[in-house]
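Have a look at the structure below before the remarks.
The values are calculated or read from the model by the stated rules, or taken from the named source; none is laboratory data. Every value quoted in this text rests on a predicted model; they were computed, and no experiment measured them. We place every Cβ from the backbone using ideal geometry, glycine too, and count neighbours over all the protein chains shown.
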Amino acid sequence: GPHRIEVMYASMPINGSPFTSQVYDSSKVRVNDIPNGYIGKPNSFSIDATQAGPGEVTVDVGNPMHVPEQLQNLGGGRYKCDFTPTNTNRHDITVKFNGELVPGNVFHCDVVDAGNVTVTGSGLDLIPVNQPAQFIVDPHGGPPAEVRVNINEPNGRPLPNRVTHQYDGTHLVEYTPKTVGAHPIDVHYAGLLVPGSPFECIAYDANKVRISDIRDGFVGQELGCKIDTSQAGPGTVTAEVQQSGRPVNHYLREDPPSSGRYSLMYTPDAARAHEIRVRFNGQAVQG
């Protein structure tokens, strides 16, 4: 603050006395937390010089090339600085008060680019209901940032999930689908929607596959059964017919097309028991 200085000569004040000297303390300038930035989006932070005394605040931003900044004097020793990151390099920020560096220099702003984030894993594919599924969110060396995932069931209800930060910088997302059908998945990194969102997983339930019309028959006469997957969700049906461990020729036809209902037909060539094994998305169907 102001200091009053009196200068006397022969007990008389000299011309101009008393003088006034303004004293400041740059160590009392505070630069508030600088948030992560995003390419092409304005970023801002505040500077508090209310306790530092009179003076001028200056700011320089580089990446390492100079990045234009706008410093706004809000009055009362408070300032707001705005700048727009131009690339993913860490942006270095120098703050001075009356030409002196303030404590904490040089400050940094990490720049986030959600376009570099990838989302991969089996949890983005066909998955069985009531079994844990997972996928990986990889920022590929991007700055530490919150990963938020929203998963909805086919009826629109949110499905709980857990995001765990891994030692290698990736994020493990775990969830368990309960309902047959498509589950849209939105992945956010540092508040930004990751390209490719919404992702999608398709949940199926092999326990809802129904096998019917299995009957006895005669050698040389075509036999078969019905396989109904219409309530089990999307997937692929495969079947095997064996007699005493030996494969028996057969064919599988969806009838009508895209109905999820199949006819399995084969012709026994021996008067022995025949085994029929059915799988849905690779999972054995009981019964």
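Do we find that Tyr175 is touching a strand residue (DSSP E or B) at 6+ places or on another chain (Cβ under 6 Å), modelled with pLDDT of 95 or more, aromatic (Phe, Trp, Tyr) and under 30 Å from Lys28 (Cα atoms) in this structure?
Against the criterion (touching a strand residue (DSSP E or B) at 6+ places or on another chain (Cβ under 6 Å), modelled with pLDDT of 95 or more, aromatic (Phe, Trp, Tyr) and under 30 Å from Lys28 (Cα atoms)), Tyr175 does not qualify.
Could you check segment 209-262 and list, in sequence order, the residues that are part of a strand (DSSP E or B) and among the acidic types (Asp, Glu)?
The answer is Asp228, Glu240, Glu254.
Return yes or no: is Thr94 of a type in the set (Val, Ile, Thr), free of Cβ contacts under 8 Å to residues at least 60 places away in the same chain and under 19 Å from Gly191 (Cβ atoms)?
no
Return the total of residues in segment 252-262 being surrounded by fewer than 14 Cβ atoms within 10 Å (Cβ to Cβ) and at pLDDT 90 or above.
2
Okay, residues lined up against (1) of a type in the set (Phe, Trp, Tyr); (2) part of a loop (DSSP other than H, G, I, E, B); (3) crowded, with 20+ Cβ neighbours inside 10 Å:
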{"position": "Asn105", "(1), (2), (3)": "no, yes, no"}
{"position": "Ile127", "(1), (2), (3)": "no, no, yes"}
{"position": "Gln134", "(1), (2), (3)": "no, no, no"}
{"position": "His140", "(1), (2), (3)": "no, yes, no"}
{"position": "Pro143", "(1), (2), (3)": "no, yes, no"}
{"position": "Val163", "(1), (2), (3)": "no, no, no"}
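Among the residues of segment 263-282, what is the count of those that are hydrophobic (A, V, I, L, M, F, W, C), surrounded by fewer than 14 Cβ atoms within 10 Å (Cβ to Cβ) and assigned to a strand (DSSP E or B)?
So the count comes out to 0.
Go through segment 81-103 and give me each residue that's within 15 Å of Pro64 (Cβ to Cβ), modelled with pLDDT of 90 or more and either under 19 Å from the mean Cα position of the chain (by Cα) or not in a strand (DSSP E or B) (or both).
Pro85 - this is the single residue of segment 81-103 that is within 15 Å of Pro64 (Cβ to Cβ), modelled with pLDDT of 90 or more and either under 19 Å from the mean Cα position of the chain (by Cα) or not in a strand (DSSP E or B) (or both).
Name the one entry in Gln72, Gln51 that is loosely packed, with under 14 Cβ neighbours inside 10 Å, touching a helix residue (DSSP H, G or I) at 6+ places or on another chain (Cβ under 8 Å), farther than 22 Å from Ala114 by Cα and in the same structural domain as Thr88 (by TED's automatic domain parsing).
After applying the criteria, what remains is Gln51.
Restricting attention to segment 204-233, report how many residues are among the aromatic types (Phe, Trp, Tyr) and surrounded by 11 or more Cβ atoms within 10 Å (Cβ to Cβ).
So the count comes out to 1.
Just to be sure, is Thr267 over 29 Å from Thr179 (Cα atoms) and among the β-branched types (Val, Ile, Thr)?
The answer is yes for Thr267.
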